[in-house]
Amino acid sequence: MWYFVSPQVVFGEGALDALDELEGQRALIVTDPVIIQLGLVERVQVHLERAGFDVRVFSQVEPDPSVQTAQRGAEVAAACTPDWIVGLGGGSVLDAAKAIWVLYERTDLEPGEINPFVRLNLRQKARLVTIPTTSGTGADVTWAIVLTDTDEQRKMGLGNRENVADMAIVDPSLAVGMPPQLTSDTGLDALVHAIEGYTCTWHNDFTDGLCLNAARLVMTYLPRAVADGSDVEARERLHNAATCAGLGFGNAMASMAHAMGHALGAIFHLPHGRAVGICLPYTVEFAAREAPKRFADLARFLQCATSAGEEGARSLVAALRDLYRQIGVPTSLAEAGIARSAFDAQLDKLVDDAFNDTQMITAVRSPSYEELRRLFEDVYAGRVVAY
Ligand SMILES: NC(=O)c1ccc[n+]([C@@H]2O[C@H](COP(=O)([O-])OP(=O)(O)OC[C@H]3O[C@@H](n4cnc5c(N)ncnc54)[C@H](O)[C@@H]3O)[C@@H](O)[C@H]2O)c1
Ligand SMILES: [Zn+2]
């Protein structure tokens with residue numbers, strides 16, 4: 001038995017108007033200082049006030065939010081008793097908003113206890129709207145919550161089906177101001193979601209189509225959006241792609257590049273999309289010899305391969321490397337600016353954390369501990385994986 005979980009998705013130019021229809025008295029916007037500065041909070045607030053809400057703002061969410069931030073946000077929610085929580089921002093803000101909502105509803109829970117196996121019984125106090133301002137994570141539609149344990153320098157994969165948002169508002173006008181590097185980092189995240197969602201062992205008939213289409217949209221429109229941020233068509237299609245990929249991998253799973261990327265992000269503070277993006281070609285190469293089929297099928301769909309099997313999977317890698325060069329993304333950890341000495345000092349922890357990450361269980365070829373260590377070395381040095 002399996003579930004397909006999704007909020008109601010409102011998309012396209014003008015989608016923010018859906019806020020006018022919300023019913024309630026008090027709304028808490030969860031966001032970060034950059035989103036305030038960009039004037040996006042104001043745009044949302046106007047709609048909420050028009051709908052009759054008394055609006056409060058919690059804007060202390062940092063990139064890769066910590067457990068403590070979620071707890072602070074929940075205290076603010078407890079004080080202002082919202083009946084709607086509105087997450088407005090990138091994946092960091094949306095994850096924080098989901099956690100804040102759960103902790104506001106369930107004051108008896110610690111953040112670490114938000115897992116798929118508990119009955120949360122949410123929606124007693126509030127409901128959740130998610131509004132992404134980056135085109136990447138799909139966190140607007142997934143129930144996953146990623147919080148960082150700052151003491152252990154480790155990302156924790158939390159979440160429960162119940163904490164999926166009630167409504168996701170996917171309005172591309174919120175993402176048009178992203179600078180090129182944020183566009184490429186977050187666009188890569190969407191691409192990795194699409195590819196890992198399609199190829200992981202939990203892929204299914206309900207998610208395959210979403211993942212395929214999202215992968216094709218990112219390959220087509222990401223170079224355009226990076227080259228010209230004001231290309232409205234590219235922005236809109238990418239924004240849609242990120243949410244489609246979120247529905248895809250969120251109802252299947254991600255995989256090895258995410259396990260490795262989480263470990264890297266928590267230690268070296270690489271942006272999430274760049275971290276998983278750098279790892280992806282290597283994890284595809286690692287899978288290519290033993291389990292090439294789905295990668296080769298995907299390459300054929302993207303029209304970058306004519307052959308099946310290992311060769312087909314490797315042509316997907318070649319297409320990825322071309323894309324990275326085109327949009328100026330590093331193809332190895334050394335190129336990403338991580339010093340050799342820092343990498344060596346952290347290698348044991350990287351291997352440990354990635355090996356134990358929840359996303360590792362869906363890999364089509366499971367690495368041994370030693371293979372994973374070797375893979376990290378290859379990702380560092382930019383070596384082709386041929387074992
Ligand atoms: N829950 C999930 O399903 C899921 C999936 C993937 C990633 N994540 C998590 O999401 C986080 C990454 O999210 P992200 O990549 O969206 O980045 P982010 O949310 O960390 O934002 C990065 C920076 O970009 C700024 N920003 C956001 N929107 C902007 C805009 N329109 N214009 C200019 N600047 C803008 C933010 O203020 C922030 O400073 C990571 O913590 C990752 O672990 C969660
Ligand atoms: Zn991701």
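Things to note:
- Of the residues making up the range 111-133, those that are within 16 Å of ligand 1 (Cβ to nearest atom) and part of a strand (DSSP E or B) are LEU128, VAL129, THR130, ILE131, PRO132.
- Taking the criterion of being open to solvent by 10 Å² or more (accessible area, probe 1.4 Å) and of a type in the set (S, T, N, Q), the residues of the range 333-383 that qualify are SER341, GLN346, ASN356, THR358, GLN359, SER366, SER368.
- Scanning the range 157-177 for residues that are of a type outside the set (Val, Ile, Thr), within 14 Å of ligand 1 (Cβ to nearest atom) and either over 23 Å from VAL10 (Cα atoms) or open to solvent by 20 Å² or more (accessible area, probe 1.4 Å) (or both) gives GLY157, LEU158, ARG161, SER173, GLY177.
- Test: residue in the range 38-58 that is in contact (Cβ under 8 Å) with a residue 40 or more places away in the chain and of a type in the set (Asp, Glu): no
- Subset of the range 249-306 [of a type in the set (Val, Ile, Thr) and assigned to a loop (DSSP other than H, G, I, E, B)]: THR306
- Selected residue [within 16 Å of ligand 2 (Cβ to nearest atom) and on the phi > 0 side of the Ramachandran plot] from GLY52, GLY138: GLY138
- Qualifying residue in the range 134-143 (condition: touching a residue at least 40 places away in the same chain (Cβ under 8 Å) and more than 10 Å from ligand 1 (Cβ to nearest atom)): no
- Of the residues making up the range 88-110, those that are touching a residue at least 24 places away in the same chain (Cβ under 8 Å), crowded, with 18+ Cβ neighbours inside 10 Å and away from ligand 1 (no atom under 14 Å from the Cβ) are LEU103, TYR104.
- For the range 178-188, a residue qualifies if it is buried (at least 24 other Cβ atoms within 10 Å of the Cβ) and either modelled with pLDDT under 95 or not in a helix (DSSP H, G or I) (or both), and exactly one does: MET178.
- Boolean, PHE301 is open to solvent by 20 Å² or more (accessible area, probe 1.4 Å), away from ligand 1 (no atom under 16 Å from the Cβ), in contact (Cβ under 8 Å) with a residue 40 or more places away in the chain and aromatic (Phe, Trp, Tyr): yes
- Residue check, PRO132 within 14 Å of ligand 2 (Cβ to nearest atom) and not hydrophobic (A, V, I, L, M, F, W, C): yes
The values are calculated or read from the model by the stated rules, or taken from the named source; none is laboratory data. None of these values were measured; they are calculated from a predicted model. Note: ideal-geometry Cβ built from the backbone for every residue, glycine included; neighbour counts use all protein chains shown. Only protein heavy atoms, including side chains, enter the accessible area calculation; ligands, DNA and RNA are left aside. Shrake-Rupley method; radii C 1.70, N 1.55, O 1.52, S 1.80 Å.
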